Amino acid sequence: MREVVSSSDHRPDGQTLTVSISPLFSTPVLEWLFWLVLAGMVYALTDNFDEPIAEYQFGASGWPRVLCAALAFGATAQLLYKLTRRRAEREKPADPSSGQESKPAHSGLTLGAKLQRAGVFLVPFLYLYVMPEIGFYVATPFFILAILLLLEVRSIKALISVTAVVHGLVLLIFTRFFYVALPVGRVEGFYDLNNWIIAFVRTGM
């Protein structure tokens, strides 16, 4: 059964004009398409460092491509969950004892919420644009911090600890254990810093 979202407007002659919006243009589907496009873009970038690695048959691009597939799978699962929840909320009968009619599940977003959602969409693209210039190892902590701030995490302790743990795990898995060749940047100072981080993780961490 297809989900149809309808909106009504009153015409000058007193009749009501009803416009139906296909699920293709609903917010969950647009978000799903965004994450699929993002996963596809990142997957395409893995060709730039697809090199064989000794004793690792999947090469340098193996794990990044697995993460892209996981991102697409997670986005699809989120889409199904949101559509299922929306249908359940729409079919839930109103409580007659409350004396109020059921309200739509999704009301209009405030300006702050719209900016927050736009930030969640745009920050990954900014990250992908900046990363080749300043390097993966320098850009990633700032990307994690930006996402946490957009998710309304305000605790300094939480911001620092989550960023350190996530970035540390990424360094251990991709740099120390699997020797994945990630971008080290083109700007001279950042290039040197990225290479220092790689050497530290592989030998002294």
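The values are calculated or read from the model by the stated rules, or taken from the named source; none is laboratory data. This structure is a prediction, so every number in the text was calculated from the model and none was measured. Glycine gets a Cβ as well: all are built from the backbone with ideal geometry, and neighbour counts include every protein chain shown. Areas reflect the complete protein model, heavy atoms only, side chains present, ligands, DNA and RNA absent. Shrake-Rupley method; radii C 1.70, N 1.55, O 1.52, S 1.80 Å.
Phi angles across the stretch 189-200 convert, under the Karplus curve 6.51 cos²θ - 1.76 cosθ + 1.60 with θ = phi - 60°, into 3J(HN,Hα) values of x, 5, 4, 5, 5, 4, 5, 5, 4, 4, 5, 5 Hz, Gly and Pro given as x. Considering all C-alpha pairs of the stretch 111-204, those separated by over 17 Å amount to 55%. Taking the 1.4 Å solvent-accessible surface of the stretch 111-204 as the whole, the part contributed by carbon and sulfur is 75%.
Report the full-extension gain for the segment F125 to L151: residue separation times 0.36 nm, less the Cα-Cα distance, to one decimal in nm. Please list the in-between numbers first.
Working: separation 26, 0.36 × 26 = 9.36 nm, distance 1.70 nm.
7.7 nm is the gain from fully extending F125 to L151.
Spin-label pair V42-L172: with each label point 7 Å from Cα along the Cα-Cβ axis, the two points sit 2.0 nm from one another. Spin-label model, L115 to E91: label points 7 Å out along the Cα-to-beta-carbon direction sit 4.0 nm apart.
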